[in-house]
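Engineer: Take this structure, written in structure tokens, and hold onto it; I'll ask about it next.
Bear in mind these aren't lab numbers, they're just calculated from the coordinates by the rules spelled out. All figures in this text were calculated on a predicted structure; none of them were measured in a lab. All Cβ positions, glycine included, derive from the backbone under ideal geometry; neighbour counts span all protein chains shown.
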Amino acid sequence: MFKSPFSSASSSFNTMLLLAIIICFAPLLPALLGLLSAAFAYFPALGLNEFSLLAFKQLILWPGLLDSVLLSLFITLVSTFLAALLSFSILQSMWQSKHWKWIESLLAPILGLPHVAFAIGFVFLFSPSGLFSRFVVLIMGESNAETWSLVHDQYGLGLIILLTLKEIPFILLMSLSLLKQLNLKQTFQTAHSLGYSTQQCWQKIIFVQWLVKIRFSLFAVATYGLSVVDVALIIGPTKPYPLAVLVWQWFNHADLSHYSIAGAGALLLLILAIFTLLCIRVIEWLVTCKWRSWLSSGRYCLPLPGRLTVYICYIVSLLIIPILILWSLTFRWPFPALFPRVWSFSYWSDELTYMSEYINNSVGIALISASLALLFAIIIHEFNSRRTRGRYGFYIPDILIALPMLAPQLSLLFGLQITTLLVPKPYYYLWVIWAHVVFAFPYIYLALNGAYKSYDKRLDMVALSLGMQPFKVWWTIKRPQIMPAILIAWAVGMSVSLAQYLPTIMLGAGRIVTITTEAVALASGQQRRTSAIYALMQTLLPFMFFLFAVVVGRYYSIKNNQYFLARTK
Amino acid sequence: MKYFFSALILLLSNMALASQLDWQAISDKAKGQTVYFFAWGGSNEINNYLRWANKSLQAQYGVTLKHVKVSDISESISQLLAEKTAKKNQNGHIDMVWINGENFKSMKQHQLLGNAFAKQLPNWPFVDKTLPVNSDFAEPTLGLEAPWGVGQLVFIYDKNTITTPPTSFADLLTYAQQHPQKISYPKPPAFHGTSFLKAALLELSNNNQLLYQAVTKNTFQRISAPLWSYLDKLHAVAWQKGQQFPTNGSETLQLLDDKQLDIAISFNPNEVISAQANGTLAKSTATYAMQAGALSNIHFLAIPWNANAREGALVAINFLLSPEAQSRKGDLTIWGDPTVLQKQYVTGSAKNTTLFKSIAEPHPSWQAALEAEWQTRYGH
């Protein structure tokens, strides 16, 4: 009889499972309740004693609300659409080509660039006084200096481009494991034998299968674009503001009556998120089910700019680090000089004296929350992997696991923050770490998916049938094999935690300063030299943990291989 | 009658006692406390100054000063209000705030400030009483906040770009029309943006004295009308055609250095000196004020009623008012914020600051009204 590696009878496993469920999912309930009660003006602790729809009325009457809503939807849908289309075009034109190897190997470091650091660097490149304009002036003369701007521009074009460029590597990474599940080799052989080109095969056969499988990643991309605040503050439009920024401002407004409007706005954000996800689902359905005649209507296929996209996406991403380094070492860099006129290390030496405290905060919170979230993700994976046996009717559904990733973060945090007012004493670190666990958990869970799916369960069964204790089976047989994936998942969790802005600011009441909160504060204060320094640190920290994960993971896989080689000899 | 007098005397002496701070006990209690100081954090010069203050406070008084960088102090006031309503009267998360004007009025009105303290600080005697340190935008401070520095709305330009800068708002419009896309101001309700509106309104309304009284619907419509027609004309030729505004004062400085704007806005008459010393502005930049004078105000330090480290905050504020701290704050290469102490007590370049002719701030109620109207007209 099969037993789970963590014995199903073991009460300690059940306790851990319960703890995992409580810590990772229970906060969603007060988050929603807090949000609803603030929006409907019933929150006695804040002196709101009667249900009312006043906040919604004020929300609707807010000058320019519709503009903000439409702008948010425009930014979200366009950036998601572009990211999906361009990622697919990259796959179509570059998959397994001679350049594929470097595309794949650069994926992780590019993906590891935090959004905030990316935004700060993007501004240095593409603002009207950015490096790009300096080149334009050099070539075309000062009178041609740009008057248009991709930073804070009216239609959010800068934000759309940034989100698209930043999400392409994410979708590519997610596609890697998806494409392995599809039987590509055979598909190509069949298509080629029928006279279809590789490109036609991608568009007519693989696209539909890919689109269905990439759905959840697109959902995550869309929700992020809709609810992002930190990046929008740095680069997003200001007239009108995107809805998420508007809600953030109401939440911070000196007049307490804005709390209810903020609540109603955060609820609207949640509704828009659901609407956006439905839109994506409907588009998917239209393309793959309803109007599928294009799939069988002949050999025509769209020319997609895959190669160009890769170049643009990778070049911009790879320029971010050097431009940040340049600004961090700048003393004087007047426009339109191509390089700093006077260099200085003084900004670095000033900041380095004070940075250790912020690094300690960042890394300390990330270590605790990522490790906890990893533990819980493993426990829930173990629990869920039993459901295939059919012996347990109950399992944790994927949608619940992904919820913190799919719901707008601002909406959830608003509800949580308001709930903390009910707790008599402040526990800033506890709340911040807890929130980081909740938001890091789904990413860690996802990162473990592949390893859990491909693990050969027969190994467990043999060990168990030979009488080994369930936990020992997991520890000595399964763990070493999935260790590289565990390490990567842990590093993913670290990077998610290190990049959190809103949870740290909102639940830490501003008292907890991390590298990320500092980077956002300095970037919105237009302090180019110091914000470059913090953006670099923000990039360096997760990179170090990824490096650690890769190096130690390699050690494990070598050891595993040696073990099996020794056995087979 | 006799009883009445003795009761009165007793009462008065009690009040005097109650308001007398036992400084020894306070500094003993402050030792080891951490003071969370919520203050605008968008300037390297200010941030670095507060880092120095923390070091000195730790060394001299055993008090740790943590600067919590906020982008607008009104954020913190909403949090305090939430705590007040939720009856969290202890262990508050804010120990000290940097405020003035509308925000002070709001804190006072909602009783978010504790007992009066300013005049009992050991360093109070050094304060220059010729400055309006007892009222904040015409609102009596009642010792609920202590003055920290003087702000004057000034303009910065590059002498290589402009020979004679426009010294009135009327001239500014003419300049903007001659040099399209080169003039702008921070987007209200950013502090510098609202101040720009107030200064413009003062000039355009010929210093209407009604601006110094609480705003009414009637006076607002009548007096503010010239401002909106002025702004309509200005926006048509402004930077990004008035479709975009800088987010705060520091962005105008950056845009000046980027040659996007010809004129930047600051509340520190010495900003250009420290900015040149830090490499953020060119050596050819200079400061000027409008001919009518510079909108002037004093910025203050206050302690919320539920502060967790009230004693530490008192010690910190007293230190920030000391000749040592004020001289450093006024040092032109460090921050250059004009001192609130009498000149004879400060040393170094802080002594050399000369203020521009000053224009008093309008009644604080005008601020919210102007911001709301601006939002409806141009904010979206």
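Engineer: Whose amide H sits under 5 Å from the amide H of residue B:294, counting only residues 5 or more places off or on another chain, with H placed in the peptide plane?
Structural biologist: Distant-sequence amide H within range of residue B:294: B:357, B:358, B:359.
Engineer: Just how far, in whole angstrom, is the stretch A:390-464 from the stretch A:107-181 if you go by their alpha carbon centroids?
Structural biologist: Here the two parts' Cα centres lie 31 Å apart.
Engineer: Per residue of the stretch A:12-19, what does 6.51 cos²θ - 1.76 cosθ + 1.60 with θ = phi - 60° give for ³J(HN,Hα)? Whole Hz please, x for Gly and Pro, Karplus curve as stated.
Structural biologist: Values, residue by residue: 5, 5, 5, 4, 4, 4, 4, 4 Hz.
Engineer: Over chain A, consider all pairs of different Cα atoms and compute the Kirkwood hydrodynamic radius from their mean reciprocal separation; express it in Å, one decimal.
Structural biologist: In chain A this quantity evaluates to 25.7 Å.
Engineer: If you don't mind, there's one more thing I want to ask. Ratio of chain B's C-alpha Rg to 2.2 N^0.38 Å, to two decimals?
Structural biologist: After normalising by residue count via 2.2 N^0.38 Å, the value is 1.04.
Engineer: Between residue B:167 and residue A:367, how many nm apart are label points set 7 Å from Cα along the C-beta direction?
Structural biologist: 6.2 nm
Engineer: Additional query: Note down the relative contact order for the stretch A:307-459 as a percent, whole number, built from C-alpha pairs under 8 angstrom at least six residues apart.
Structural biologist: Here the relative contact order equals 25 percent.
Engineer: While we're on this one: Nearest 10 degrees is fine. How inclined is helix B:2-19 to the longest principal axis of chain B, computing both from alpha carbons?
Structural biologist: Computed tilt is about 60 degrees.
Engineer: Considering every residue in B:241-254, what mean count of other chain Cβ atoms within 10 Å of its Cβ is obtained?
Structural biologist: Counting other chains' Cβ atoms within 10 Å and averaging over B:241-254 gives 4.
Engineer: Kindly express, to the nearest 10 degrees and within the range 0 to 90, the angle between helix B:169-178's C-alpha long axis and the longest C-alpha principal axis of chain B.
Structural biologist: 40 degrees
Engineer: Can you pull the three principal axis extents for the Cα set of the protein assembly as shown, in Å, largest first?
Structural biologist: Over the protein assembly as shown, Cα extents along the principal axes are 103, 73, 55 Å.
Engineer: Provide a whole-number value for the mean count of partner chain Cβ atoms within 10 Å of the Cβ atoms in peptide B:73-81.
Structural biologist: The shielding value for this peptide is 6.
Engineer: From Cα pairs below 8 angstrom and at least 6 apart in sequence, can you work out the relative contact order of chain A, rounded to a whole percent?
Structural biologist: Computed value for chain A: 24 percent relative contact order.
Engineer: Then there's this: Need the C-alpha centroid separation for the stretch A:26-64 versus the stretch A:295-346, integer Å.
Structural biologist: Rounded to whole Å, the Cα centres lie 43 Å apart.
Engineer: Give the lysines reachable from residue B:31 as a straight Cα distance under 23 Å; neighbours fewer than 8 places away on the same chain don't count.
Structural biologist: Once the sequence-local lysines are set aside, what remains near residue B:31 is A:425, B:55, B:66, B:119.
Engineer: What dipole magnitude, in Debye to the nearest 20, does chain A give about its Cα centre under +1 on Lys/Arg Cβ and -1 on Asp/Glu Cβ?
Structural biologist: So the dipole magnitude of chain A works out to roughly 2360 debye.
Engineer: Okay, next question. Treat the stretch A:54-344 as a sphere of radius equal to its Kirkwood radius over Cα pairs and apply Stokes-Einstein at 4 °C in a medium of 1.567 mPa s; give the translational diffusion coefficient in µm²/s, rounded to a whole number.
Structural biologist: The estimated diffusion coefficient comes to 61 µm²/s.
Engineer: Any lysines with Cα under 18 Å of the residue B:217 Cα? List them, leaving off those in the same chain fewer than 8 positions away.
Structural biologist: B:198
Engineer: Given a cut-off of under 8 Å on Cα pairs at least six residues apart, what relative contact order in percent is computed for the stretch A:54-344?
Structural biologist: Taking the mean separation of contacting Cα pairs over the length of the stretch A:54-344, I get 31 percent.
Engineer: Starting from 0.36 nm per residue, how many nanometres of slack lie between residue B:209 and residue B:142 once their C-alpha separation is accounted for?
Structural biologist: Working it through step by step, the gained length comes to 21.7 nm.
Engineer: Want the number for residue A:289 to residue A:257: 0.36 nm per residue separation, take away the alpha-carbon distance, what's left?
Structural biologist: Full extension of this stretch gives 6.7 nm more.
Engineer: DSSP loop chymotrypsin sites (Phe, Trp or Tyr not before Pro) in the stretch A:228-321 with at most 11 other Cβ atoms within 10 Å of their Cβ, which ones?
Structural biologist: For chymotrypsin sites (Phe, Trp or Tyr not before Pro) across the stretch A:228-321 that sit outside H, G, I, E and B with at most 11 neighbouring Cβ atoms in 10 Å, the list reads A:291, A:300.
Engineer: Compute the distance from the alpha-carbon center of the stretch B:36-106 to that of the stretch B:239-310, in whole Å.
Structural biologist: Value for the Cα centre distance between the two parts: 20 Å.
Engineer: To the nearest 10 degrees, how steep is helix B:44-61 against the longest Cα principal axis of chain B, on a 0 to 90 scale?
Structural biologist: That works out to roughly 10 degrees.
Engineer: At q = 0.15, 0.17, 0.21 Å⁻¹, what is the log10 ratio I(q)/I(0) for the stretch A:1-154, with the Debye formula run over Cα points and no solvent?
Structural biologist: Summing over Cα pairs of the stretch A:1-154 leads to -1.12, -1.15, -1.26.
Engineer: Under 5 Å between amide H atoms, partner at least 5 residues away or on a different chain: which partners does residue B:128 have, H built in plane at 1.01 Å?
Structural biologist: Close amide H contacts, sequence-distant or interchain: B:341, B:342.
Engineer: Continuing with the same structure: How do B:371, B:45 line up, fewest other C-beta atoms within 10 Å first?
Structural biologist: B:371, B:45
Engineer: Please list 3J(HN,Hα) in residue order for the stretch A:283-290, calculated via the Karplus relation 6.51 cos²θ - 1.76 cosθ + 1.60 where θ = phi - 60°; whole Hz, with x for glycine and proline.
Structural biologist: So the J values, rounded to whole Hz, are 4, 4, 5, 4, 6, 9, 10, 6.
Engineer: Per residue of B:264-270, what is the mean number of Cβ atoms on other protein chains within 10 angstrom of that residue's Cβ?
Structural biologist: That works out to 0 on average.
Engineer: For residue B:151, which sequence-distant residues (separation of 5 or more, or a different chain) have an amide H within less than 5 Å of its own amide H, given hydrogens modelled in the peptide plane?
Structural biologist: For residue B:151, whose amide H was placed from the backbone, the distant partners under 5 Å are B:297, B:298, B:299.
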